[in-house]
Amino acid sequence: MQDDEIIRSIVAGDREAFRLLMEKYRNYMYKVVYSVLGHPKDAEDVTQEALVKLYVSLPQYKFEGFKTWMTRIAVNKAIDYKRAREHRVELVFDQPEEAMEMMESTEINSPEARYMREYSREQIRHRIREMPPNYRDVVHAFYIEDKSYQEIAAEFGVAVKTVEVKLYRAKQWIRKTWKEEEFK
């Protein structure tokens, strides 16, 4: 049975046909998603999401290159996931107060929840200590000590622009070096 025939059967309501299509392309889609994300567990989850999106979108398929169309869905899902993951990491470093308030307000204030919050804070402090010294001091002053750019510039005897550049470069270093799953 050709892909187009299988797709017509699926659109007509044949769920068994979708199982056949998934068996044929599941591994291919996983490889596509994995090539974008580089993490097996994330790739498994996003592949499942992509397969659901594929199923839901089949009625709109125009029978013009199924594998290309399916690949585009998988890549888009992987990119969306990656952006969302990066945004969550940015939230912690761009708005630490709001992130902590959100975490504290949404979790039950149980001893376990308090322990997990403190453990997360300590893990972040530990990771900051691992940063290159030229980033570490500025990141600690800004995010941990809650100092302004002007206060940091005065303390280190540098221009405010230098502080901005160091924080920007520190964020780039964090995105490149740290993996989100290391904080779970």
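Numbers for the structure displayed
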{"item": "Qualifying position, being at pLDDT below 90, assigned to a helix (DSSP H, G or I), farther than 20 Å from Ile6 by Cβ and in the same structural domain as Thr177 (by TED's automatic domain parsing), among Glu86, Glu122", "result": "Glu122"}
{"item": "Arg129 vs. criteria surrounded by 14 or more Cβ atoms within 10 Å (Cβ to Cβ) and among the basic types (Lys, Arg)", "result": "no"}
{"item": "Pair list, Cβ under 8 Å, 6 or more apart: the range 136-154 residue assigned by TED's automatic domain parsing to the domain that holds Tyr168, other residue hydroxyl-bearing (Ser, Thr, Tyr)", "result": "Phe142/Tyr149; Ala153/Thr162"}
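The values are calculated or read from the model by the stated rules, or taken from the named source; none is laboratory data. All of these numbers come straight from a predicted model, not from anything done at the bench. Every residue, glycine among them, receives a Cβ derived from its backbone with ideal geometry; neighbour counts consider all protein chains shown.
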